[in-house]
1. Antiparallel DSSP bridges in region 282-522: what percent, to the nearest 5?
2. Where in the chain are the helices, taken as whole DSSP H runs, whose Cα atoms extend 20 angstrom or more along the long axis and whose Kyte-Doolittle mean reaches at least 1.0?
3. Check which residues have an amide H placed less than 5 Å from Met48's amide H, if you skip close sequence neighbours.
4. Cα to Cα, under 20 Å, and not fewer than 8 places away if on the same chain: which lysines meet these conditions relative to Lys63?
5. Taking H placed 1.01 Å from N in the peptide plane, check which residues at least 5 places from Asn437 or on another chain put their amide H under 5 Å from its amide H.
6. Return the long-range amide H neighbours of Ser281 (sequence gap of 5 or more, or a different chain), with a cut-off of under 5 Å between placed amide H atoms.
7. May I ask which residue of Leu505, Asn492, Ile409 lies farthest towards the positive end of the charge dipole of region 282-522, with charges of +1 (Lys, Arg) and -1 (Asp, Glu) on Cβ and the Cα centre as origin?
8. What value, in deg cm²/dmol to 500, does the helix sum -39500 (n - 2.57) over DSSP H runs of n ≥ 4 give at 222 nm once divided by the residues of the chain?
Amino acid sequence: MVHNGWMAVLFAFLSLIIYFIGLLCSHKSAFRVASNMKIKCMEHILKMPIGKVNDIGSGKLRKIVIESSNATETFLAHNLPDLIGAIVTPICMIIILFVFDWRLGLLSLMPTILGFLAMSKMTGKAMADDMKKYQDSLEDMNNQAIEYVRGMSVVKTFGQTVFSFKKFKKSIDDYSNLCISYTKKARKTMLVFQLFINSVFAFLIGITLVFNANGNITNEFILNLLFYIIYTPIIATTMTKIMSISENSLVVKDALNRVNEILKIEPLKKGKDSYDVKDNSIKFENVSFSYENNENKAIDNISFTIPSKSLTALVGPSGGGKSTIANLITRFYDIDSGSIKIGDVNVRDIKKEKLSDLVSFVFQDSKLLKLSILDNVKMANPKASEKEIREALSLAQCDDILERLPNGINTVYGSKGVYLSGGEMQRINIARVILKNSPIVILDEATAFADPENEGKVQKAFENLSKNKTVIMIAHRLSSIINADKIIVIENGKIKQEGNHEQLLKESGLYSKMWNDYQTSISWKVGAENVK
């Protein structure tokens, strides 16, 4: 007996060493797999069209890249080493159940089998579907939460509440309802499972009393019964562990499916190594484009030409396709049919890096990173000197901003209460584009968030930015584009009119109506006699 005891201690010690080595190997490989997943995903996302990235949402992408890889790492590092033990241990334990008394062994298995039969209602495809719905709900809530935070300035400006963001509120309610619904659905099944799997001892005692009511119970039977009462709870623990690993495997499978969905998205096709962009003109030839899951065409078979070093304005009702045209030039999306050319070269043949050098974008809602003003501007051209950066800031009418900042150009935006207005951030962004010095500039309603004090300076910055450039301006404020070389009127994805301001007014078409409406809107004034 002493020998057997020491042997048990020895093998227990050896098993711990082997388990530790196994965990060491599994963790090392798990970390490598998780790291490779993140790298692979980010490399693929960088190759995807920017528009596709925006459609998916940064919250959803973040969750897929980080949480999916983390779930895989957890499974490989912790669950996989336990998987073999979780399978082998119950088999050995079941064999032992039949060694001492096969009748008690069989009785011990019955509650466990009944418990897992009850649990089968929640496993398999049903559980996989519920897991997918849960993860979808989490992703949607992440996306809406990020959108809400980004729009917080608007909420504060206009005194709105969280309920103004209906999508965010709805995503929270949907997540809450899903969790409550699933909990209620699983309540009875889980109760039955826990009742059966943890009451083996009561089942054994009860059956023993029923079938041995005459009192013919031997000492050997009592010893076996005590063994089974002490031993069987370990089966329940092991079975619960198997169920947990099974659930985690579903989580990992769902995570891998989501990663694969991202990796299946077609990246932008690489351009050719050699091509000759003759000038900075832009030509659309029979271009059509539809957004994913939308039957209507955002752009419907349009053709036009923008001469090199000219100012072209895109105007029209909201949702008509103006911003879509701009996004297609920069390949934020790839067109469905037709061709878009810059200097007689199809944009699909131009490498992404070269296309980025050719075209700069000034969005209506510019963002600055928590870096110094110098570093924010330098992002456009990392090789630029401080002198060149200061010249760009001066041309963008930012001298007054730098004078007011505590550390001038080296002031870190967002630190110690240092923030800028929308118009001021727009001027910093224009400085960034001036430093980049791209021959083509797209202005997407770039003065939308500029206050009256900043608007004049922003317009002056635009003048400096636009010199000797091919400029495309998307505007709702028609007074800003009356001197444009060409105005293209877009409605429902089609070109309705094309010409300069004077020509379009004479045609008495959509542009003339828009101009009259605009003139009416700016003529509204509050009479002095009504002001108290």
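1. Numbers: 18 of 35 bridges.
The answer is about 50 percent antiparallel.
2. Details: long enough: 2-47 (67 Å, 0.88); 80-100 (32 Å, 2.42); 102-119 (26 Å, 1.47); 125-150 (38 Å, -1.19); 166-197 (45 Å, -0.27); 219-263 (66 Å, 0.69); 422-436 (21 Å, 0.07); 452-466 (21 Å, -1.27).
Qualifying helices: 80-100, 102-119.
3. Leu268
4. In chain and number order, the partners are Lys38, Lys40, Lys47, Lys52, Lys132, Lys133, Lys167, Lys169, Lys170, Lys253, Lys264.
5. none
6. Ser308, Gly343
7. Working it through, the farthest residue towards the positive pole turns out to be Ile409.
8. -19500 deg cm²/dmol
Just so you know, all these numbers are worked out from the coordinates, no wet-lab data involved. Just so it is clear, the structure is predicted and the values come from calculations on it, not from any experiment. Backbone-built Cβ (ideal geometry, glycine too); neighbour counts: all protein chains shown.
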